[in-house]
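Take a look at the structure set out below.
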Amino acid sequence: MEKILNKRKIREVEKYLVCWKGFTVEYDSWERREDLGNVKAILEDFEGRMEVEIRRQEKLDRVKE
């Protein structure tokens with residue numbers, strides 16, 4: 001696995017869009033968190049990027065009001 005691109009939750013099941021190292025975008029796939037194995041650093045990096053993006057979007061929303 002190279003990195004996590006996105007996250008979604010359907011019927012209480014979290015899935016992550018995974019970019020596989022050495023493969024093109026056609027091979028990106030949605031995987032359950034429990035199926036990702038021991039990729040704690042990659043998950044932490046993704047969650048950190050998501051937090052930053054959420055805060056950035058909240059600031060933009062306040063400016064628009």
Looking at the stretch 26-34, is at least one residue surrounded by 12 or more Cβ atoms within 10 Å (Cβ to Cβ), modelled with pLDDT of 95 or more and in a loop (DSSP other than H, G, I, E, B)?
-> yes
Which numbered condition E47 misses (of (1) without any contact (Cβ under 8 Å) to a residue 24 or more places away in the chain; (2) touching an Asp or Glu at 6+ places or on another chain (Cβ under 8 Å)) | (2)
Taking the stretch 1-25 on its own, how many of its residues are in contact with a strand residue (DSSP E or B) (Cβ under 7 Å, 6 or more places away or on another chain) and outside any strand (DSSP E or B)?
-> 2
Cβ pairs under 8 Å, 6+ apart, first in the stretch 16-31 and without any contact (Cβ under 8 Å) to a residue 12 or more places away in the chain and on the phi > 0 side of the Ramachandran plot, second of a type outside the set (S, T, Y) and in a helix (DSSP H, G or I) = none
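So that you can scan it fast, the table gives a plain yes or no per residue for (1) modelled with pLDDT of 95 or more; (2) polar (S, T, N, Q); (3) surrounded by 10 or more Cβ atoms within 10 Å (Cβ to Cβ):
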position	(1), (2), (3)
E2	no, no, yes
V13	no, no, yes
C19	yes, no, yes
K40	no, no, no
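The values are calculated or read from the model by the stated rules, or taken from the named source; none is laboratory data. It should be emphasised that the depicted structure is a prediction, and the values quoted were computed from it without experimental measurement. Note: ideal-geometry Cβ built from the backbone for every residue, glycine included; neighbour counts use all protein chains shown.
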